[in-house]
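K.L.:
Take this structure first; my questions come after.
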Amino acid sequence: MVRENEIRRSEIAVALPATPDAGLYFIGRIRTPWQSRLVCPRQGRADGPICRIEVFEPWAAALDGIGAYGRLEVLYWLHLSRRDLVRQSPANDGASRGTFSLRTPVRPNPIGTSIATLVDVEGATVLVRGLDCLDETPLLDLKPDRTLFVPVAPPQPGDFQVGDA
């Protein structure tokens, strides 16, 4: 198990840019049972514990209608993650891979996503199962799971089709 901020053999860290390119609004806070990466699950589970997504004002009004969906895409900021590793060794076996080929919280822009099962909406709080983030993780966005939707327009000439190379 990796320790906090450890760099393993064959991993590579880089210097981060002096200033960020964009700003984000944290629109809420996620409450989970996990206080440390060492005990947090690596992937959310549909039968996992109920977690609370607390949406801040003035964003609470944006929850209107969200109860109609069974699954939500939850986007969050992995605020305690390193941001400087470009190669990582997830199995700690001496081999490393590029960060973008891994589902690791250690990334240049530590944005986490989970498909969560909606349990209930209580005012400005959304109860879900299926998260894999630490307690008090900042919330970036909530969306209905995109797999619940069909494309709005029929396929058009030139659209990418599965099997195209």
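Just so you know, all these numbers are worked out from the coordinates, no wet-lab data involved. All values reported here derive from a predicted model rather than from experimental measurement. Neighbour counts are summed over all protein chains in view; Cβ atoms, including those assigned to glycine, are modelled from backbone coordinates with ideal geometry.
K.L.:
With the alpha-carbon atoms as the only input, what is the per residue convex hull volume for the stretch 1-148 in Å³?
P.N.:
123 Å³
K.L.:
Let me ask something additional. Express in whole angstrom the spacing between the alpha-carbon centres of the stretch 114-153 and the stretch 14-87.
P.N.:
The stretch 114-153 and the stretch 14-87 have Cα centres spaced 10 Å from each other.
K.L.:
Stick to Cα atoms and the Kirkwood definition of Rh, then tell me Rg/Rh for the stretch 85-159.
P.N.:
Answer for the stretch 85-159: 1.09.
K.L.:
I would also like to ask the following. Counting Lys +1, Arg +1, Asp -1, Glu -1, what net charge surrounds A60 among other residues with beta carbon under 12 Å of its beta carbon?
P.N.:
Neighbourhood net charge equals -4.
K.L.:
For the stretch 8-136, what relative contact order do you get, as a whole percent, if you take Cα pairs closer than 8 Å and at least 6 residues apart?
P.N.:
The value is 40 percent.
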